[in-house]
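Reviewing the structure listed below.
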Amino acid sequence: MFYHVKELQYHAKPERPDPVYAKKLQEILGGQFGEISVMMQYLFQGWSVRGNGKYKDLLMDTGTEEIAHVEMIATMIARLLDGAPDVELEDAAKDPVIAAILGGSNPQQAIVSGLGAMPVDSVGNRWTASYIIASGNLLADFRANLNAESQGRLQVARLYEMTNDSGVRDMLSWLLARDTMHQNQWYAAICELEEKENIVVPSTFPRELEKQQVSYTLFNFSQGDASAKGRWAHGRSMDGYGYFNYVDKPIAFGSVPHLKPAPKYIYNTPLWALRTSDDPPDPHTI
């Protein structure tokens, strides 16, 4: 079960209202890599673990902490919206500063949410569960978690530079520190699982069922050959099961595809209309 205490995990009080910054802060709440996303991602990963060991406990610990971060940011956004200027459009037309504030703020935070945070990103896109990953494979999921924390910390760092409000920066400094821990913990869990399973996911798929002749081949599909100088192009593969090789001029392994005509009731463009007058007869389009 979950139990809520009224105190915040850390302070969330700005020096002054700033509705424009409140809109920006929505990105780390309801954006793709925001706190709602990592909260839901970790909790659903944890609920899906078949067992009650340390990995599930880690997921539940962190997912529950992210609920606290959602509350902190939502509180900060609400406080940034406190005392927001209540002006008419006529006043905005006379004062470019007010016009800029109105132009940079989100009117829905007044009209829809009543000066509160919303489950949206910084441009108003609604949060969606399609942002989260919970596959049941912990190595794959922990890598997704490391990416989520990396992207999230990057965005928090950028937001830190977009304000000089000491109260906002104080909260962001806490979130930066927690993201540092979360990146470290997911990396530690990844390394531990890689020692047990090796690095390729899923580790249990029979290797003889994949086309192993291209399992460690880098194909040069762009101009130049700078990528040939990387560790990924030469030497033993990272999983230890093969050797990297580089193919400068890849060849096609398949043939030219020919699709059968669609049934008449589909009303696709007729095949005779796709041919130009100088096309040679094609038995597949007759």
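The values are calculated or read from the model by the stated rules, or taken from the named source; none is laboratory data. Note that the structure is a prediction, hence the values are computed from the model and not measured. Note that we place each Cβ from the backbone using ideal geometry, even for glycine, and neighbour counts take in every protein chain shown. Surface areas here come from the heavy atoms of the whole protein model, side chains and all, with no ligands, DNA or RNA. Shrake-Rupley method; radii C 1.70, N 1.55, O 1.52, S 1.80 Å.
Structural remarks
- Whichever residue in segment 14-61 is basic (Lys, Arg) and under 18 Å from Met181 (Cα atoms) and, among such residues, is surrounded by the most Cβ atoms within 10 Å (Cβ to Cβ): Lys56
- Residue in segment 235-249 that is polar (S, T, N, Q), outside any strand (DSSP E or B) and surrounded by fewer than 10 Cβ atoms within 10 Å (Cβ to Cβ) present: no
- Pairs, first free of Cβ contacts under 8 Å to residues at least 40 places away in the same chain and closer than 29 Å to Val120 by Cα in segment 46-71, second open to solvent by less than 60 Å² (accessible area, probe 1.4 Å) and basic (Lys, Arg), C-beta under 6 Å, six or more apart: Gly46/Lys56
- The set of residues in segment 195-234 being open to solvent by less than 50 Å² (accessible area, probe 1.4 Å), in a helix (DSSP H, G or I) and either over 18 Å from Pro250 (Cβ atoms) or hydrophobic (A, V, I, L, M, F, W, C) (or both) consists of Ala228, Ala233.
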